[in-house]
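One structure is given below, encoded as structure tokens.
The values are calculated or read from the model by the stated rules, or taken from the named source; none is laboratory data. Given the structure is predicted, the values throughout are model-derived calculations rather than measurements. Quick reminder, even Gly has a Cβ in these numbers, built from the backbone with ideal geometry, and neighbours come from all protein chains shown.
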There are 2 protein chains.
Amino acid sequence: MENVMTNKAIISMLTANTREKQAKLIESAFGLFRKHSFQRVTIEEICSVARVSKVTFYRYYSGKEELILFILRLFVDDISGRIEGILKSTISIKDKLDRISMLKQKLVTDLGEEITGGMMNIPAARQYAEGLNERIWEEFQNLLQTEQAKGKINPNLDIHKSIQFIRALGNMLGDNSFKGIYNSTEEMISQVNELLVMGLLERGKTE
Amino acid sequence: MENVMTNKAIISMLTANTREKQAKLIESAFGLFRKHSFQRVTIEEICSVARVSKVTFYRYYSGKEELILFILRLFVDDISGRIEGILKSTISIKDKLDRISMLKQKLVTDLGEEITGGMMNIPAARQYAEGLNERIWEEFQNLLQTEQAKGKINPNLDIHKSIQFIRALGNMLGDNSFKGIYNSTEEMISQVNELLVMGLLERGKTE
């Protein structure tokens, strides 16, 4: 399983693309947001850790919210690229789903509770994350409907309802009733995807 | 879909097997328990509706609890017989699961909220229902493990964990997040079983 972009990876990416001061601001803010709550961290603290003046900060960002949105977009751009790569690769549909599920899982872990929780209180970030989530599910639904028309997806399934079911299930997989069953998140994703994609019956069997 | 034993069916069964007075007691008690809470209904009321003396009541049952346990066992015996019939029939595994899921669903509906809720407060009834539930799942797990050894079940699935997953999922299917997706309980059972048994991919496809 590939690693989702780490803090270090962000910086290496940024120093190649943007100026060093901005990279320092991102690095400092990410570290502070991850450790303390987004709401508590001040622009002064970010600047102090980054050794950058407040004037420089405001040259790039209108405030903390714009900065956290920028960080969120960095992660998402990186993940989107990885997802595209996975979808284009020649591995099985089951393996594709496993990798994409793991990426989504790791995105949450890498951002950390403080950042993901904090983002829910920032309307713009929340809207961005929710919009992205909607688009991914919509694309997945379109893909399944196209493949069903081609005879590659179980013709007895109502795709729209199945997607709603899988989404609802996905939201519940972190619950204690499910978590206790598996040894790890990886095993849970692999086994649940296996059941949903391949089914209980051996593939040669239709009865 | 066959109908689970109705109130009328109990009586017709009982008059064939047991004495008329006992049948009247069962019928009256079932009607009263279903309408009011088990806890509120008195033995006097049951006897009054059944037009049977309290002496006769105590000839058959030590109290209300023994009576509700007797009713519960009548339902369960009937359902067990039906499940055996379904398992032995030549319909597909998916159809078998649909019918068994529907029977379980209808058992709850037929007993009614007052009776099922009331039973949870009677240790003996609760134990009986939970024990039965455990046995059914255990048998289902044994069946899947035997079939997996014969190559008829997806070899990539950990059967023990899959059963735990399906049980946890089953407990959640009544939740609002799932209920809103489907037009009826029948549709929900049929679509979810289709996904779990057959999988998302068309059966000819293994990739």
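Taking only region B:183-199 into account, find how many residues are more than 7 Å from every other protein chain (Cβ to nearest Cβ) and aliphatic (A, V, I, L, M).
2
Tell me which residues, restricted to region A:58-74, are under 14 Å from residue A:129 (Cβ atoms) and without any contact (Cβ under 8 Å) to a residue 24 or more places away in the chain.
none
Here's the yes/no breakdown for (1) surrounded by fewer than 18 Cβ atoms within 10 Å (Cβ to Cβ); (2) not assigned by the TED database to the domain that holds residue B:190:
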{"site": "B:33", "(1), (2)": "no, yes"}
{"site": "B:42", "(1), (2)": "yes, yes"}
{"site": "B:85", "(1), (2)": "yes, no"}
{"site": "B:91", "(1), (2)": "yes, no"}
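For every residue, the table says whether it meets (1) surrounded by 15 or more Cβ atoms within 10 Å (Cβ to Cβ); (2) not hydrophobic (A, V, I, L, M, F, W, C).
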| residue | (1), (2) |
| --- | --- |
| B:118 | yes, yes |
| B:123 | no, yes |
| B:128 | yes, yes |
| B:144 | yes, no |
| B:151 | no, yes |
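Restricted to region A:37-77, and to residues that are touching a helix residue (DSSP H, G or I) at 6+ places or on another chain (Cβ under 8 Å) and charged (D, E, K, R), which residue is modelled with the lowest pLDDT?
So, considering only residues that are touching a helix residue (DSSP H, G or I) at 6+ places or on another chain (Cβ under 8 Å) and charged (D, E, K, R), the one modelled with the lowest pLDDT is A:73.
Of the numbered conditions (1) part of a helix (DSSP H, G or I); (2) under 30 Å from residue B:156 (Cβ atoms); (3) aliphatic (A, V, I, L, M), residue A:91 satisfies every one except a single condition; which is it?
Of (1) part of a helix (DSSP H, G or I); (2) under 30 Å from residue B:156 (Cβ atoms); (3) aliphatic (A, V, I, L, M), only one is false for residue A:91: (1).
Before we move on, is residue B:164 at pLDDT 90 or above, surrounded by 18 or more Cβ atoms within 10 Å (Cβ to Cβ) and over 30 Å from residue B:29 (Cα atoms)? Before the answer, list the steps.
Details: at pLDDT 90 or above: yes; surrounded by 18 or more Cβ atoms within 10 Å (Cβ to Cβ): yes; over 30 Å from residue B:29 (Cα atoms): yes.
Yes: the conditions hold for residue B:164.
Any idea how many residues of region B:147-168 are under 18 Å from residue B:196 (Cα atoms), in a helix (DSSP H, G or I) and free of Cβ contacts under 8 Å to residues at least 12 places away in the same chain? Don't jump to the end; show me each part of the working.
From region B:147-168, those under 18 Å from residue B:196 (Cα atoms) are B:147-148, B:151-168; that's our starting set.
Those left that are additionally in a helix (DSSP H, G or I): B:147-148, B:159-168.
The next check asks that each one be free of Cβ contacts under 8 Å to residues at least 12 places away in the same chain; those that pass are B:147-148, B:161, B:164-165, B:168.
Of the residues in that region, 6 qualify.
Inside region A:158-168, can you point out the residues that are at the interface with another protein chain (Cβ under 7 Å from one of its Cβ atoms) and not charged (D, E, K, R)? Outline the logic, then answer.
Within region A:158-168, the subset at the interface with another protein chain (Cβ under 7 Å from one of its Cβ atoms) is A:158, A:161-162, A:164-165, A:168.
Within region A:158-168, A:162, A:164, A:165, A:168 qualify.
Pairs under 8 Å by beta carbon, first residue more than 9 Å from chain B (Cβ to nearest Cβ) in region A:85-96, partner among the polar types (S, T, N, Q), six or more apart or different chains?
Here the result reads A:96/A:89, each pair linking region A:85-96 to a residue that is among the polar types (S, T, N, Q).
Taking the condition modelled with pLDDT under 90 and in contact with a strand residue (DSSP E or B) (Cβ under 7 Å, 6 or more places away or on another chain), does residue B:130 pass?
Numbers: modelled with pLDDT under 90: yes; in contact with a strand residue (DSSP E or B) (Cβ under 7 Å, 6 or more places away or on another chain): no.
For residue B:130, the condition - modelled with pLDDT under 90 and in contact with a strand residue (DSSP E or B) (Cβ under 7 Å, 6 or more places away or on another chain) - is not met.
Given the options A:19, A:34, name the one that is more than 22 Å from residue A:111 (Cβ to Cβ) and modelled with pLDDT under 90.
Numbers: A:34 fails: more than 22 Å from residue A:111 (Cβ to Cβ).
The conditions single out A:19.
Run down B:100, B:79 and say which single residue is closer than 18 Å to residue B:184 by Cα, buried (at least 18 other Cβ atoms within 10 Å of the Cβ) and out of contact with any strand residue (DSSP E or B) (no Cβ under 8 Å at 6 or more places or on another chain). First the steps, then the outcome.
Numbers: B:79 fails: closer than 18 Å to residue B:184 by Cα.
Going through B:100, B:79 in turn, the sole match is B:100.
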